[in-house]
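Here is the structure we will look at, set down as structure tokens.
The values are calculated or read from the model by the stated rules, or taken from the named source; none is laboratory data. Small disclaimer: the values here were computed from a predicted structure and weren't measured. Using ideal geometry, Cβ is built from the backbone for each residue, glycine included, and neighbour counts are taken over all protein chains shown.
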Protein chains: 2
Amino acid sequence: MDGVILTPLKQIHHPKGDVFHGMKKSDIGYAGFSEAYFSTIHKGDIKGWKKHTKMTLNLIVITGEIEFVIFNGTDFLTVKLSRNNYQRLTVSPGLCVAFRGIEKENLLLNLADLEHDPQESINILLQEINYSWGTI
Amino acid sequence: MDGVILTPLKQIHHPKGDVFHGMKKSDIGYAGFSEAYFSTIHKGDIKGWKKHTKMTLNLIVITGEIEFVIFNGTDFLTVKLSRNNYQRLTVSPGLCVAFRGIEKENLLLNLADLEHDPQESINILLQEINYSWGTI
């Protein structure tokens, strides 16, 4: 889907605890840095839809598993991220995003090119975009 | 200690899963962004010492609890971070850092102003700096 990039990330084994890459300034998908924040999502709960008008998201799932759905007005793209499918999901502004928690604990990091600004994003009720969420 | 900043971070309650602040470009302690990576540390294990010669660390503990010890050549500073003591730890270059895992699962995020470069940091054996780690 135009405006979406999936970038595989390295996991580096260490006997005292592994290291997980996130994002480098030199990576494809890097759009600037202004804010990093974490979001958790309970199992079976869905946050969304949200459409950012200016912000590019760079999303990394470091704990549990999260199912992301991206809607461009015509098509849906679905991707499940976890340490087992450890990729960074870059989402350009103008796309609608929703996400659902799959495991007991689910944690994502967003490395955003803009600081949070409620004026910049549009919330759309879950039922206003007709996507068929399967069972977990 | 000179070169060390602790910045309390907000946790925002959300019925579907809380949000945790990380770092904004406008925050005190922000020194630039070039790389974000996660590091895990097993319970009772200690990573360190490491002295960065150029990199400023911005460390956030999002899962479990991690005990950090910072040594400036004379004094030690000890701080335990977790969601219960949710602060960002900024460490300027030139200081020695070691950290120990306290819980079963412990996860930190470093928001670094430089990309990883093994030439930029100095590893010092744990026993070369005489710090008395207590029992967990």
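Structural remarks
- Here is the figure for the range B:90-122: residues that are within 24 Å of B:Glu65 (Cβ to Cβ), within 16 Å of the chain's Cα centre (by Cα) and either surrounded by fewer than 18 Cβ atoms within 10 Å (Cβ to Cβ) or within 14 Å of chain A (Cβ to nearest Cβ) (or both) total 15.
- B:Val69 meets each of the listed conditions (1) more than 11 Å from chain A (Cβ to nearest Cβ); (2) in contact with a strand residue (DSSP E or B) (Cβ under 8 Å, 6 or more places away or on another chain); (3) touching a residue at least 60 places away in the same chain (Cβ under 8 Å); (4) under 24 Å from B:Gln119 (Cβ atoms) apart from (4).
- Which listed residue is under 25 Å from A:Asn110 (Cβ atoms) and surrounded by fewer than 13 Cβ atoms within 10 Å (Cβ to Cβ), from B:Asn58, B:Asn85, B:Asn130: B:Asn85
- Every residue from the range A:17-52 that is under 22 Å from A:His116 (Cβ atoms), more than 7 Å from every other protein chain (Cβ to nearest Cβ) and either under 16 Å from the mean Cα position of the chain (by Cα) or among the aliphatic types (A, V, I, L, M) (or both): A:Gly29, A:Tyr30, A:Ala31, A:Ile46, A:Gly48, A:Trp49, A:Lys50, A:Lys51, A:His52
- Qualifying residue in the range A:126-136 (condition: at pLDDT 95 or above, of a type in the set (D, E, K, R) and part of a loop (DSSP other than H, G, I, E, B)): no
- If the condition is being of a type in the set (A, V, I, L, M) and either crowded, with 16+ Cβ neighbours inside 10 Å or at the interface with chain B (Cβ under 8 Å from one of its Cβ atoms) (or both), then the range A:2-16 contributes A:Val4, A:Ile5, A:Leu9.
- Restricting the range A:38-55 to residues that are surrounded by fewer than 20 Cβ atoms within 10 Å (Cβ to Cβ) and not charged (D, E, K, R), the residue that is nearest to A:Lys10 (Cα to Cα): A:His42
- Meets criteria (of a type in the set (A, V, I, L, M), surrounded by fewer than 20 Cβ atoms within 10 Å (Cβ to Cβ) and either touching an Asp or Glu at 6+ places or on another chain (Cβ under 6 Å) or facing chain A (nearest Cβ under 10 Å) (or both)) for B:Leu77: no
- From the list A:Glu105, A:Glu115, the lone residue that is part of a loop (DSSP other than H, G, I, E, B) and under 16 Å from A:Ile41 (Cα atoms) is A:Glu105.
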